[in-house]
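Peer 1: Got a structure here, written out as structure tokens. Questions coming.
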Amino acid sequence: MRIARAGAIVGATITAAALTACGSAPFGGKSSANQPAPAATTAVAIAPRPSQEPPFGAGCAAVPTDASNPGSFTAMAKVPVATAASGNPLLSTLVSAVTKAGLGDSLNTAPDVTVFAPTNDAFKKIPPATLNGLLANNQLLTSTLTYHVVEGRLAPDQLAGTHKTLQGDAITIAGGGTAYTVNGAHIICGNVQTANATVYIIDAVLKPAA
């Protein structure tokens, strides 16, 4: 499924009400509701330009290597993040969710962001009834998706710590080198560049605090 382009940055196009999660069912990974809320987010220097380091992680092996394939690293680097995700075979469920929430345009025109992108298998970890409820509730869906986006491009050496998301709550990233977790979800393919974002593909859907 393809996502439309153009629009304004996510944080400016969704209302405060749309940023409030209203469900309580687990989505997978470690819920931020089960963690102490950080007093303040960790101060980090946000990379203004894409990292020059190559993508890392075992999950990168599933990304097409043919540069002409829209899901390849080369092709994704030339287009904005929502369009790039639509060409990646690992992210079709995420693309459908973003489209349903109407966030594709906003993501495509965000000036510089970091996106933690759950795989298709990550969505399959969610019980069907819970997933259907999430997709049917635009407020909850928007809150959940924007919880996966951080303003500014984070290079790998800037990941560890806490970072405020566009949804408003913070995520906690632990690890180093090429092994990181985001609220307990593992980064399986990291430092993927698009025209306006750095993407870290993760193996669970993150759940903002209810």
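Peer 1: Lys/Arg Cβ at +1, Asp/Glu Cβ at -1, dipole of the range 55-210 taken about the Cα centre: which of L145, Y200, L107 is farthest positive-ward?
Peer 2: L145
Peer 1: Hey, another quick one. Would you mind working out the accessible area per residue for the range 79-137, using a 1.4 Å probe, and quoting it in Å²? Before the final figure, lay out the partial values.
Peer 2: Values: 2080 Å² over 59 residues.
Ligands and nucleic acids excluded, the result is 35 Å² per residue.
Peer 1: Hey, any idea what % of the range 62-182's accessible area is carbon plus sulfur with a 1.4 Å probe?
Peer 2: Solvent-exposed carbon and sulfur of the range 62-182 make up 56 percent of the total.
Peer 1: Using square roots of five times the C-alpha gyration tensor eigenvalues, list the equivalent-ellipsoid semi-axes of the range 112-210 in whole Å, biggest first.
Peer 2: Working: eigenvalues 98, 42, 30 Å².
Largest first, the range 112-210 gives 22, 15, 12 Å.
Peer 1: Let me ask something additional. Quote the convex hull volume per residue of the range 69-122, based on C-alpha atoms, as a whole number of Å³.
Peer 2: Measuring per residue, one finds 74 Å³ for the Cα hull of the range 69-122.
Peer 1: Equivalent-ellipsoid semi-axes (√(5λ), Cα gyration tensor) for the range 71-168, whole Å, largest first? Numbers along the way, then the final one.
Peer 2: Details: eigenvalues 91, 56, 37 Å².
Three semi-axes, in Å: 21, 17, 14.
Peer 1: Dipole magnitude of the range 74-210 about its Cα centre, charges +1 at Lys/Arg Cβ and -1 at Asp/Glu Cβ only, in debye to the nearest 20? Intermediate results must be reported in sequence, preceding the final value.
Peer 2: Values: 7 positive and 7 negative charges, 43 e Å.
Charge dipole of the range 74-210: 200 debye, to the nearest 20.
Peer 1: Calculate, for K164 and S96, the FRET efficiency according to 1/(1 + (r/R0)^6) with r their C-beta to C-beta distance and R0 25 Å; round to the nearest 0.05.
Peer 2: E(calc), rounded to 0.05, equals 0.40.
The values are calculated or read from the model by the stated rules, or taken from the named source; none is laboratory data. Nothing here was measured: the structure is a model prediction, and the numbers come from that model. Glycine also receives a Cβ, built like all others from the backbone with ideal geometry; neighbour counts cover every protein chain displayed. These accessible areas exclude ligands, DNA and RNA; they are computed on the full protein's heavy atoms, side chains included. Shrake-Rupley method; radii C 1.70, N 1.55, O 1.52, S 1.80 Å.
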